[in-house]
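Worksheet: the structure to be examined is printed underneath.
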Amino acid sequence: MHFPNFNAKRVFVITLIVAGALLAEFLVLEGAVGISLPSDRYSALSRLEIKTKGTELHFIAQNHRFTVVDLLTDHGSHREALVLRESFFIDREDGREGPPQATVTVEAIHGERVKWTLKETGDRGDAVTGNLYRVTRAGNGETPNTYTYFSLADGRKVRTMRSVDLSRDELEALDMQIAQ
């Protein structure tokens, strides 16, 4: 079978374009969005970059950690281990008042698969009960702290509080509500 417009140079160029597009997609997903290859899900590296953007000095930190939590399922009658792969990105501008640009990303890994992923603006994140994950966004003198709570069962946002964090009793009540 003969292809009249087929030549090796065209095939080579198309191959390079496709390979370049796949590499760019990988770099965007891995570097900017925080989505990792399955083989990388069980490792965590942190990095610090100090660079000048325009005339301002920026301290860019990306920290990763793992937390294993006991997730309560079946209305609180069953526990299953859930691995949280937490990523914290902060871009702090030298001399700038107010909270830095910051994002918390969490992947919940159960066995070999990612069960859910959440991404929220904030400086810190922690599993605060058996069913709740809290992301904290620091305020400044004019704006209050913001506390956002997520279900560990499915990663959905369940409550946001401005200026005042939930008390221990309120946390327990919300935790019980999620477990049901």
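No value in this document is a laboratory result; all are computed from the given coordinates. Quick caveat: nothing in here was measured; it's all calculated off a predicted structure. Here Cβ is always computed from backbone atoms with ideal geometry, including for glycine, and neighbour counts include all displayed protein chains.
In nm, to one decimal, how far is the modelled label at Ala81 from the one at His110, with both set 7 Å along Cα→Cβ?
1.5 nm
Which lysines does Lys53 reach when only Cα atoms under 26 Å apart count, and residues fewer than 8 places away in its own chain are ignored?
The reachable lysines, counting only those whose Cα sits under 26 Å from Lys53, are Lys119.
May I ask you to list the residues of segment 97-132 whose amide nitrogen lies under 14 Å from a point 7 Å from Cα along the Cα→beta-carbon direction of Lys53?
Output list for this probe position: 97, 99-103.
Classify segment 38-179 as rounded, prolate or oblate, taking a ≥ b ≥ c as the square roots of the eigenvalues of its Cα gyration tensor: rounded when a/c is under 1.5, otherwise prolate if a/b is larger than b/c and oblate if not.
Details: a/c = 3.42, a/b = 1.41, b/c = 2.42.
The shape class here is oblate.
Specify which residue in the list Phe59, Ala138, Met176 is farthest towards the positive end of the charge dipole of segment 58-180, using unit charges on the beta carbon of Lys, Arg (+1) and Asp, Glu (-1), about the Cα centre.
So the residue we want is Phe59.
Full-extension gain between Asp94 and Thr117, please, as 0.36 nm times their residue separation minus the C-alpha to C-alpha distance. All intermediate terms of the calculation are to be shown ahead of the outcome.
Details: separation 23, 0.36 × 23 = 8.28 nm, distance 3.10 nm.
Answer, rounded to one decimal: 5.2 nm.
Under a Cβ-only charge scheme (Lys and Arg +1, Asp and Glu -1), can you give me the dipole magnitude of segment 38-179 about the Cα centre, in debye to the nearest 20? Walk me through the numbers before you get to the answer.
On the way: 20 positive and 23 negative charges, 62 e Å.
Using only the charged Cβ atoms, the result is roughly 300 debye.
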